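A short worksheet on the structure shown next.
The values are calculated or read from the model by the stated rules, or taken from the named source; none is laboratory data. Note that the structure is a prediction, hence the values are computed from the model and not measured. Glycine also receives a Cβ, built like all others from the backbone with ideal geometry; neighbour counts cover every protein chain displayed. These accessible areas exclude ligands, DNA and RNA; they are computed on the full protein's heavy atoms, side chains included. Shrake-Rupley method; radii C 1.70, N 1.55, O 1.52, S 1.80 Å.
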Amino acid sequence: MAQAKSYSQVKETQFFNWQGYQCAYEVYAADSDEQATSKPPLLLIHPVGVGLSKQFWHPFCQALETKSDRPSIYNPDLLGCGESDMPRIAYEPDNWADQLLHLVETVIQQPVVVVVQGALLAVAIRMVQKTTDTQWIKGLVLAGPPGWPLVSQSASSIQQKLLWNVLFDSPLGSAFYRYARRRQFLDSFSKRQLFASTSTVDDEWLAMLKEGAQNTASRHAVFSFLAGFWRKDYTKAIAQIQQPTLVLFGEEASGIDRVSRSDSAQQRLQDYLQRLPHAQGSLISGRNVLPYESTEAFTNEVDGWLTRAF
């Protein structure tokens, strides 16, 4: 197993190899005895976007430090993001699901609760499908998952390939990424689409995105996401999830897509609670990046659910 450290220690990036790639992660534990708590370890899946990486979860990790009986946390960089290798490939949910399952099976070596932000839900679903019952996945926490129309309709594979080959994987795509990583663009997009309160789009958030986007090779993961390679009909897969699941939406949750843009936060929550076999959920303050914008409320909800469920 990886060497665990207390929350109060300085963060240190560790690495594991998967299919010849070097993949980064952080590990936190309440103390040196990982069996001191009955709660399973948390595996965090960060969102994919310009400059986003495992750093997205740092406020949540710090907030959990204040809780008693806290579980270990494993916070990886997805391939193509942060400090992990960034090959020039079209990333699909299976790539990231296989990477994370390798981390679970070879490093963590015990079942985990997967905590996933936004549309990376597709990766968590594939992880569940690739394991036997609760062999490696004990539970799920969904932070602001996509509106139901997005996860219940398959996107056109032809359109996805055209977007990737013609627009994104081209000199035009590279130029657009350089434009999108400018502070002015990141600030405007965050205020328009991600945060409920513009005051929370602060220097720390923008500096994190700017740093994460410095390596232009990070555009391949971002453009794979924008091309919609994750877009499939997950209706049946979601209905078959047997693990206990917590679903959290921001009271001002919104979508940038046309198909679910008008859905209210309450409707988004009900869509999932009605279809997940063993789900609980609630609305908390915030919009679309709850672990970062509404850290305290999000952490309290997750901690309370973990206590009840495990």
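Across segment 115-137, a minimum of one residue is classified as touching a Gly at 6+ places or on another chain (Cβ under 7 Å) and touching a residue at least 40 places away in the same chain (Cβ under 8 Å).
Considering segment 187-201, the residues that are part of a helix (DSSP H, G or I) and open to solvent by less than 70 Å² (accessible area, probe 1.4 Å) include one that is nearest to residue 287 (Cα to Cα), namely 194.
In segment 46-87, the residue that is farthest from residue 178 (Cα to Cα) out of those that are among the acidic types (Asp, Glu) and open to solvent by 50 Å² or more (accessible area, probe 1.4 Å) is 69. Of the numbered conditions (1) open to solvent by 50 Å² or more (accessible area, probe 1.4 Å); (2) at pLDDT 95 or above, residue 232 fails exactly one; give the number of that condition. With (1) open to solvent by 50 Å² or more (accessible area, probe 1.4 Å); (2) at pLDDT 95 or above applied to residue 232, the lone miss is (2).
For residue 221, the requirement of being open to solvent by less than 50 Å² (accessible area, probe 1.4 Å) and in contact with a Gly (Cβ under 6 Å, 6 or more places away or on another chain) is met. Checking every residue in segment 88-99 against the condition of being touching a strand residue (DSSP E or B) at 6+ places or on another chain (Cβ under 6 Å), at pLDDT 95 or above and buried (at least 16 other Cβ atoms within 10 Å of the Cβ) gives at least one match.
Considering segment 101-159, and only residues there that are open to solvent by 50 Å² or more (accessible area, probe 1.4 Å), part of a loop (DSSP other than H, G, I, E, B) and farther than 30 Å from residue 286 by Cα, the residue that is modelled with the lowest pLDDT turns out to be 133. Determine if segment 257-273 includes at least one residue that is closer than 22 Å to residue 80 by Cβ and open to solvent by 50 Å² or more (accessible area, probe 1.4 Å). No, segment 257-273 contains no residue that is closer than 22 Å to residue 80 by Cβ and open to solvent by 50 Å² or more (accessible area, probe 1.4 Å).
Within segment 7-31, can you find the residues that are closer than 28 Å to residue 243 by Cα and either modelled with pLDDT under 95 or hydrophobic (A, V, I, L, M, F, W, C) (or both)? Scanning segment 7-31 gives 7, 16, 18, 23, 24, 27, 28, 29, 30, 31. Please tell me if residue 66 is out of contact with any Lys or Arg (no Cβ under 9 Å at 6 or more places or on another chain) and modelled with pLDDT under 95. Taking the combined requirement at face value, the residue satisfies it.
Checking 138, 161, 191, 130 one by one, the residue that is over 30 Å from residue 211 (Cβ atoms) and touching a helix residue (DSSP H, G or I) at 6+ places or on another chain (Cβ under 7 Å) is 130 and no other. Residues that are closer than 18 Å to residue 243 by Cβ, without any contact (Cβ under 8 Å) to a residue 40 or more places away in the chain and not small (Gly, Ala, Ser) within segment 266-304 comprise 273, 274, 276, 277, 278, 280, listed in sequence order.
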